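What follows is one structure encoded as structure tokens, with my remarks underneath.
A short reminder: the numbers here are calculations on the coordinates, not readings from a lab. Predicted model only: the values in this text are computed from it and were never measured. Please note: Cβ atoms are built from the backbone with ideal geometry, for glycine as well, and neighbour counts cover all protein chains shown.
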Amino acid sequence: MNKERGQITIFIIVAIMVIAIVALLFAFPKLKTAVGFEKLQSPENFIQTCLEDTINENVNIISKQGGTLEPSPYILYQDEKIQYLCYNPQKYQACVVQIPFLEKHIEDEIKKSIEDNVNFCFNSLKQTYEDRGYTTNLKKGEVIVELLPKRIITTMNYEFTFSKEEDIQKREIFRVIVNNNNLYELVAIAQSIMDWEILMGDSFEQNYMDFYTWLKVEKKRPGDDTTIYILTDRNTDDKFKFAIQSWILR
């Protein structure tokens, strides 16, 4: 009995010590670093973590506004400004494409939307490494955004050098990859729909859905000779919205 009581007492003491250590780590986060619980992220992972959510959010906004940050001309639909990708308010005339190189325009809009965040993330990276005793040097460079099948890649040609004692390391290219985003395909389909609208004043949405089984195409007509298209990836719920006004007959 005495032996069992002694084992129980030891177990209780150990449990109390573990709880106390965990409580201290939560109460004083810097202790995590001191005892090795918090590992310093690699520069690549730091930038990926810092930027990925922001890129996703901005892509979502741009996609719902017809591929642009500041739509013009636009129609207000359900409190959203939706860009006219093809527009002509004249009767009996085909619409005129408003954004000739849509894919390139969207890449530039995403880039513009994250410029401040890119600078913030790299400055935070520099400060984080310096706080851990590293000597750092940062040279800012070009930012390139690419829409690709099933993903969006942001490449930053930033040179980041960090050293501690005799260990010197350098990174010259950073990439943030947003996977499972179908904006590339949605934009290509939007351009195809525009071609039909220019030629015929309408499109055959069922044909697209028959060919692309993952795609849902909705056409909304607010009543002012405008057609609003909502393209949705059924697998991810990613959307691309845009407006067209063409071949007004009344």
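Between Y77 and I230, with labels modelled 7 Å along Cα→Cβ, what's the label distance in nm to one decimal, could you check? A separation of 0.9 nm, rounded to one decimal place.
Label reach from I248 (point 7 Å along Cα→C-beta): in the stretch 71-101, amide nitrogens under 13 Å belong to 87-96. Protection proxy ranking for 235-243, 202-210, 149-157, using the average of other Cβ atoms within 10 Å per residue and placing the highest first: 235-243, 149-157, 202-210. Modelled spin labels at S124 and K111, positioned 7 Å past Cα toward Cβ, are 2.3 nm from each other.
Potential lengthening of the chain between E165 and S192 amounts to 3.9 nm, from the contour at 0.36 nm per residue minus the alpha-carbon distance. Pairs over the 18 Å Cα-Cα cut-off, from the set K220/K241; K126/K170; K112/K170; K150/K219; K219/K239: K112/K170; K150/K219.
From largest to smallest, what semi-axes in whole angstrom does the stretch 41-160 give when each is the square root of 5 times an eigenvalue of its alpha carbon gyration tensor?
Working: eigenvalues 287, 36, 24 Å².
Its equivalent ellipsoid spans semi-axes of 38, 13, 11 Å.
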